[in-house]
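The values are calculated or read from the model by the stated rules, or taken from the named source; none is laboratory data. Keep in mind it's a predicted model, so treat the numbers as computed, not measured. So basically every Cβ, Gly included, is an ideal-geometry build from the backbone, and we count neighbours across all protein chains shown. In case anyone asks, the SASA skips ligands and DNA or RNA and just uses the protein heavy atoms, side chains included. Shrake-Rupley method; radii C 1.70, N 1.55, O 1.52, S 1.80 Å.
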Amino acid sequence: MALLGFASVCLLSFHKSLECSSARLPSMSRRELVIERTSRRSGRCRAAVAAEDVGREEVLVPAEAEVEEDVAEYDWREEWYPLYLTEQVPNDAPLGLSVFDKQLVLFRDGDGVLRCFEDRCPHRLAKLSEGQLVDGRLECLYHGWQFAGEGRCVKIPQLPESAKIPRAACVRSYEVRDSQGVVWVWMSDKTPPVNLKLPWFEHYDRPGFQAISSVHELPYDHSILLENLMDPAHVPISHDRTDWSARREEAQPLEFEVTERTARGFAGRWGRPRTRPGQWSFLRFQAPCVLSNDVEQIDKKGEKQYLSALFLCRPTGQGKSMLIARFGASARPGFFKLIPDWFIHQNQCSVFEQDMGFLSSQNEVLVKERRPTRDLYLNLRSSDTWVAEYRKWMDRAGHGMPYHFGHATISPPKEPAVVEQAPVGVVAGMSATFPAKGGVGERHAPNPANRYYRHVVHCKQCRNDLKAFRGWNKALLAAAAAAVGAAILAAGLRAKALLLAAAALFVAGSFACSAAIDLITTNFIRSHRKL
């Protein structure tokens with residue numbers, strides 16, 4: 001439970017945008033900005049509002065750009081990106097993934113070696129992720145072209161026996177690494193992989209350190225996701241009594257201390273002085289998409305114990321992201337082993353779903369307003385320090401990304417975030433891309449807001465448990481019907497009573513299975529209550 005509670009501490013919230021004139025904003029100070037907004041909303045003169053505003057400026061994060069004199073050299077391609085959990089990569093089918101707008105296909109060849117190609121057949125541009133594996137080679141299901149090794153085409157069924165396979169009939173290959181249970185891809189096409197840039201997490205290499213990991217697709221940009229994950233202030237409010245550690249009564253001003261700023265991110269510590277005085281959490285953001293939040297504690301034996309929340313946030317396109325969430329600890333209570341993975345995963349899904357609505361709307365506002373966050377956010381020193389630091393890092397490095405929304409700078413997407421497609425194409429493409437291919441029923445139609453397609457299709461454990469619960473549900477219902485039938489035919493009252501009691505137990509087991517199925521597949525719906 002302690003581990004799950006710690007998980008929620010690292011998820012973050014939506015901040016309201018200001019309704020101010022874009023013509024005046026760039027030349028205004030933060031205090032002038034607040035005065036202007038308040039004056040317009042209240043109808044009072046600016047002088048009266050300014051008189052009341054004395055002293056408020058000190059609680060806000062400074063609005064100045066604070067951009068380093070030398071903008072950092074940065075190229076988003078010269079980086080490692082987290083693709084998938086190694087244990088979740090299917091052995092019998094290719095897996096379609098993306099980094100920004102680059103479409104990739106990941107699979108295991110005949111020797112079990114991980115391979116990554118561009119997800120496009122050189123013949124007629126069909127997606128290779130919709131293909132299949134034949135003798136360890138990736139086959140395009142359009143015309144049967146097969147690719148092996150480093151993307152070399154080894155078979156074209158339509159080619160005469162005497163003809164050679166054209167040299168151009170090859171697929172671009174990407175370097176991948178399996179590191180600490182995560183598959184990483186090097187995106188550069190001009191620089192060999194830089195192993196020093198491959199993230200390494202010390203806690204996960206400690207003897208006895210245990211972690212629970214899961215994959216989630218989310219319908220908002222990876223920068224919004226990172227913002228949310230590095231904001232502890234929202235947890236008591238957004239997740240009030242829906243997670244084990246969140247209570248709105250514990251909302252409070254937080255303490256922040258930035259200890260490091262570089263071209264590749266920032267680091268620092270934060271604490272909750274009212275409820276946990278003297279206890280610090282250590283946060284680190286590492287370009288392009290890694291966030292860690294660690295806690296060190298001394299146990300009753302005087303030994304140092306570690307708690308770690310690790311978030312690997314891959315950009316999968318405009319308005320989309322994929323999260324690999326890993327919650328680990330050097331020591332866990334014994335009863336924790338009795339909690340099944342599917343139950344822990346559904347709790348994590350609920351936490352993300354609680355934030356999903358306002359994070360998606362925040363994404364929409366940023367794309368629509370096309371202004372930097374300095375002009376839209378009202379960041380507080382006592383809650384939003386990490387958010388401001390992240391957007392200021394975007395100011396330094398965002399020029400090397402496909403698009404960015406920084407604290408003082410902005411480079412909006414050149415194309416709309418949503419590209420309209422024929423519905424049939426969307427369903428076919430999505431169902432073929434997921435690792436759990438086939439079996440796309442009406443109940444689980446492809447939908448980025450649907451828990452089944454955001455998590456279950458990416459999790460072997462949850463898929464297997466879901467299949468088992470459905471099988472048990474049918475078997476128990478059949479057993480209940482058989483017990484009732486036998487009770488009707490039974491001659492003695494005692495036999496009838498025993499059979500009916502058995503039928504009741506079977507029905508209760510069926511309800512329990514149905515409840516588990518709903519927990520695994522059904523989105524969290526917040527019940528608003530009067531406080």
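Looking only at residues in the range 378-410 that are part of a helix (DSSP H, G or I) and among the acidic types (Asp, Glu), the one that is farthest from the chain's Cα centre (by Cα) is ASP395. Residues that are closer than 25 Å to VAL61 by Cβ and at pLDDT below 90 do occur in the range 279-293, at least one of them. Every listed requirement among (1) within 20 Å of PHE201 (Cβ to Cβ); (2) among the basic types (Lys, Arg); (3) free of Cβ contacts under 8 Å to residues at least 60 places away in the same chain; (4) in contact with a helix residue (DSSP H, G or I) (Cβ under 9 Å, 6 or more places away or on another chain) is met by ARG284 save one, (4). For the range 376-414, name all the residues that are under 20 Å from GLY319 (Cβ atoms), open to solvent by 10 Å² or more (accessible area, probe 1.4 Å) and of a type in the set (A, V, I, L, M). Across the range 376-414, the qualifying residues are MET401, ILE410.
Can you go through LEU476, LEU466, LEU499 and tell me which one is surrounded by 13 or more Cβ atoms within 10 Å (Cβ to Cβ), of a type in the set (A, V, I, L, M, F, W, C) and touching a Cys at 6+ places or on another chain (Cβ under 8 Å)?
On the way: LEU466 fails: touching a Cys at 6+ places or on another chain (Cβ under 8 Å); LEU499 fails: touching a Cys at 6+ places or on another chain (Cβ under 8 Å).
None of the other options fit; the residue is LEU476.
Here LEU310 meets the list (1) surrounded by fewer than 17 Cβ atoms within 10 Å (Cβ to Cβ); (2) assigned to a strand (DSSP E or B); (3) at pLDDT 90 or above almost entirely, failing just condition (1).
When we screen ILE324, ILE339 for residues that are aliphatic (A, V, I, L, M), out of contact with any helix residue (DSSP H, G or I) (no Cβ under 8 Å at 6 or more places or on another chain) and free of Cβ contacts under 8 Å to residues at least 40 places away in the same chain, the only hit is ILE339. Looking at the range 75-91, is at least one residue part of a loop (DSSP other than H, G, I, E, B), among the aliphatic types (A, V, I, L, M) and under 20 Å from ILE324 (Cβ atoms)? Yes, some residue in the range 75-91 is part of a loop (DSSP other than H, G, I, E, B), among the aliphatic types (A, V, I, L, M) and under 20 Å from ILE324 (Cβ atoms).
Do we have any residue at all in the range 130-148 that's over 22 Å from ALA325 (Cβ atoms), open to solvent by 30 Å² or more (accessible area, probe 1.4 Å), touching a residue at least 24 places away in the same chain (Cβ under 8 Å) and among the hydroxyl-bearing types (Ser, Thr, Tyr)? No, that holds for no residue. How many residues does the range 249-281 contain that are on the phi > 0 side of the Ramachandran plot and either among the charged types (D, E, K, R) or without any contact (Cβ under 8 Å) to a residue 24 or more places away in the chain (or both)? The total comes to 1. Look at (1) in contact with a Leu (Cβ under 7 Å, 6 or more places away or on another chain); (2) at pLDDT 95 or above; (3) more than 18 Å from TYR84 (Cα to Cα) and you find that VAL176 fails only one, number (3).
Candidates in the range 104-119 are the residues that are in contact (Cβ under 8 Å) with a residue 24 or more places away in the chain and touching a helix residue (DSSP H, G or I) at 6+ places or on another chain (Cβ under 7 Å); of these, the one that is surrounded by the most Cβ atoms within 10 Å (Cβ to Cβ) is VAL105. Scanning for something among the charged types (D, E, K, R) and in contact with a Lys or Arg (Cβ under 8 Å, 6 or more places away or on another chain), does the range 79-87 turn up at least one residue? Checked against the condition, which is being among the charged types (D, E, K, R) and in contact with a Lys or Arg (Cβ under 8 Å, 6 or more places away or on another chain), the range 79-87 yields at least one hit. Being surrounded by fewer than 19 Cβ atoms within 10 Å (Cβ to Cβ) and within 22 Å of CYS289 (Cα to Cα) holds for only one residue in GLU369, GLU364, and it is GLU364. Taken residue by residue, the range 487-503 has at least one member that is of a type in the set (A, V, I, L, M), modelled with pLDDT under 95, outside any helix (DSSP H, G or I) and touching a Lys or Arg at 6+ places or on another chain (Cβ under 7 Å).
Of everything in the range 92-102 that is assigned to a strand (DSSP E or B) and under 17 Å from the mean Cα position of the chain (by Cα), the residue that is nearest to ALA148 (Cα to Cα) is GLY96.
In the range 292-303, is there at least one residue being in a loop (DSSP other than H, G, I, E, B) and open to solvent by less than 70 Å² (accessible area, probe 1.4 Å)? Within the range 292-303, one or more residues are in a loop (DSSP other than H, G, I, E, B) and open to solvent by less than 70 Å² (accessible area, probe 1.4 Å). With respect to LYS337, determine if the residue is surrounded by fewer than 19 Cβ atoms within 10 Å (Cβ to Cβ), in a loop (DSSP other than H, G, I, E, B) and of a type in the set (Lys, Arg). Judged against the criteria, LYS337 is not a match.
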